[in-house]
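Peer 1: A single structure is presented below for examination.
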């Protein structure tokens with residue numbers, strides 16, 4: 001296959017347009033910095049994001065390369081099908097739930113990052129420990145979506161995927177470093193619009209290709225092949241629900257989401273943007289669903305791809321670019337590549353900003369150097385972007401294994417961080433003892449559940465644990481179970497610690513985290529003030 005020169009030129013133009021938009025947004029951010037905190041402008045855009053930009057950038061939280069590629073892949077797989085496509089419904093639910101329940105308490109207190117309420121509630125040390133799962137998640141996410149772009153470029157343009165990874169990473173690092181959230185948000189608008197137009201242009205050409213059967217026919221006719229609509233066997237219902245809850249609730253506890261929400265001008269605008277983004281997120285999955293259905297309805301022997309099929313070659317994860325390459329004209333496949341590149345970059349920049357902003361603001365400023373100036377924090381954030389971006393770029397060369405690591409870290413965010421965030425925002429009386437206990441128990445339970453993609457066997461066989469093709473599969477909703485156990489543990493241990501220390505069951509000198517000693521000191525000080533006031537009143 002020869003180098004696709006027109007495609008290469010089109011991609012270069014798209015990258016130049018994205019970079020130019022990012023640099024313009026950086027200039028806009030510089031103007032805003034004159035009147036506001038540099039740190040807040042970089043992390044939350046000065047809290048003056050208009051609703052149009054807010055809608056697009058919030059949608060881009062989860063509508064990225066993995067979203068459009070993964071949706072097409074699941075529809076295409078004979079063992080899955082449309083019935084197993086959780087992402088559109090799950091992430092749409094996370095936007096709506098986040099909008100109605102999490103926006104107001106976060107926005108009303110003018111938090112800068114998601115870690116602020118956690119550090120406020122559980123202290124700086126515990127907050128820094130809770131920072132680890134989202135940090136790993138953001139770095140692995142950055143790496144995995146760059147890897148998917150590299151593979152796509154290799155299929156369509158016949159260019160070394162490593163080169164596209166390096167160029168994409170450098171572009172994203174540059175404009176995010178210079179403009180912060182302004183650059184992320186305004187490039188998201190360009191990228192999402194490009195994604196919508198490009199994918200819908202590709203759909204009609206894929207549908208009418210002579211190698212593909214009518215997808216309405218193959219959706220119900222089992223004589224042709226396995227229907228792409230898919231089925232859910234009764235024994236898999238609990239696991240199906242587990243995955244749906246994981247995406248619906250696990251999609252909330254990420255800084256990539258809150259950095260957009262906290263940038264809104266008002267709580268009402270943030271709520272509206274979040275809920276509308278849920279609708280747009282679901283709509284954005286439609287082209288990928290159609291492309292996956294077309295791939296499942298295609299006789300690949302009638303294309304230049306030939307046999308065996310992508311599934312038999314183990315290339316089902318590349319089904320979207322394969323459809324663009326072999327079922328669409330060249331100029332159309334180039335447009336599709338632009339859509340994938342746009343999706344990747346819209347996710348990559350936000351994950352990079354997320355990790356670096358939490359490190360600079362919550363770890364460096366609040367723990368390591370509390371007297372650090374605004375300029376110093378900003379430079380630390382920029383330096384961490386370069387370091388984390390370079391690490392992610394290096395990990396991208398590991399390809400599939402990186403995506404597996406991101407998926408596991410995402411489950412850790414759901415199991416460990418989501419209950420902590422709920423307790424910090426909604427449940428009074430919880431403290432660092434409960435937080436630590438819930439974190440440790442949740443972490444142990446999640447690892448004991450096993451992870452087949454990383455070849456971690458289950459140490460705890462939940463009800464319904466079944467051996468399938470020599471591998472144990474947990475049919476019990478253990479991810480949701482782990483999250484609930486972690487949540488209950490935080491509340492129960494917090495209450496137990498309060499009772500033991502307050503009722504004298506344990507001496508206050510054992511309160512190593514100074515939770516109740518400080519309360520006792522404040523109470524004693526308050527009582528002394530009241531006593532002094534009473535004496536003064538009596539003497540008068």
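Peer 1: Quick one: in the stretch 307-323, of everything that is outside any helix (DSSP H, G or I) and at pLDDT below 90, which residue is farthest from residue 151 (Cα to Cα)?
Peer 2: 307
Peer 1: Scan (1) buried (at least 21 other Cβ atoms within 10 Å of the Cβ); (2) under 20 Å from residue 244 (Cβ atoms); (3) modelled with pLDDT under 95 for the single condition residue 402 breaks and write down its number.
Peer 2: (2)
Yes/no matrix, rows are residues, columns are (1) surrounded by 12 or more Cβ atoms within 10 Å (Cβ to Cβ); (2) touching a helix residue (DSSP H, G or I) at 6+ places or on another chain (Cβ under 6 Å); (3) farther than 30 Å from residue 501 by Cβ:
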{"position": "424", "(1), (2), (3)": "yes, yes, no"}
{"position": "430", "(1), (2), (3)": "yes, yes, no"}
{"position": "433", "(1), (2), (3)": "yes, yes, no"}
{"position": "441", "(1), (2), (3)": "yes, yes, no"}
{"position": "445", "(1), (2), (3)": "yes, yes, no"}
{"position": "449", "(1), (2), (3)": "yes, yes, yes"}
{"position": "457", "(1), (2), (3)": "no, no, yes"}
{"position": "461", "(1), (2), (3)": "yes, no, yes"}
{"position": "467", "(1), (2), (3)": "no, no, yes"}
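Peer 1: Scan the stretch 92-110 and report the pairs whose first residue is free of Cβ contacts under 8 Å to residues at least 40 places away in the same chain and whose second residue is part of a helix (DSSP H, G or I), with Cβ atoms within less than 8 Å and a gap of 6+ or a chain change.
Peer 2: These pairs meet every condition: 109/116; 109/117.
Peer 1: Just checking, does the stretch 242-259 include any residue being in contact with a strand residue (DSSP E or B) (Cβ under 9 Å, 6 or more places away or on another chain), in a helix (DSSP H, G or I) and on the phi < 0 side of the Ramachandran plot?
Peer 2: no
Peer 1: What number of residues in the stretch 153-166 are surrounded by 18 or more Cβ atoms within 10 Å (Cβ to Cβ) and under 11 Å from residue 393 (Cα atoms)?
Peer 2: Residues in the stretch 153-166 being surrounded by 18 or more Cβ atoms within 10 Å (Cβ to Cβ) and under 11 Å from residue 393 (Cα atoms): 2 in total.
Yes or no, residue by residue, for (1) within 30 Å of residue 118 (Cα to Cα); (2) touching a residue at least 24 places away in the same chain (Cβ under 8 Å):
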| residue | (1), (2) |
| --- | --- |
| 246 | yes, yes |
| 253 | yes, yes |
| 258 | yes, yes |
| 262 | yes, yes |
| 274 | yes, yes |
| 298 | no, yes |
| 313 | no, no |
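Peer 1: Ok, one more. Inside the stretch 1-81, counting only helices (runs of 4 or more DSSP H) that do not spill past its ends, which hold 3 or more residues that are surrounded by fewer than 19 Cβ atoms within 10 Å (Cβ to Cβ)?
Peer 2: Per the criteria, 5-33.
Peer 1: With the structure loaded, tell me whether residue 150 is crowded, with 19+ Cβ neighbours inside 10 Å, in contact (Cβ under 8 Å) with a residue 40 or more places away in the chain, under 21 Å from the mean Cα position of the chain (by Cα) and more than 25 Å from residue 257 (Cβ to Cβ) or whether it fails that test.
Peer 2: Taking the combined requirement at face value, the residue satisfies it.
Peer 1: Also, I was wondering about something else. Out of curiosity, is residue 99 in contact with a helix residue (DSSP H, G or I) (Cβ under 9 Å, 6 or more places away or on another chain) and either modelled with pLDDT of 85 or more or closer than 26 Å to residue 406 by Cα (or both)?
Peer 2: yes
The values are calculated or read from the model by the stated rules, or taken from the named source; none is laboratory data. Because the structure is predicted, anything quoted here is derived from the model rather than measured. Every residue, glycine among them, receives a Cβ derived from its backbone with ideal geometry; neighbour counts consider all protein chains shown.
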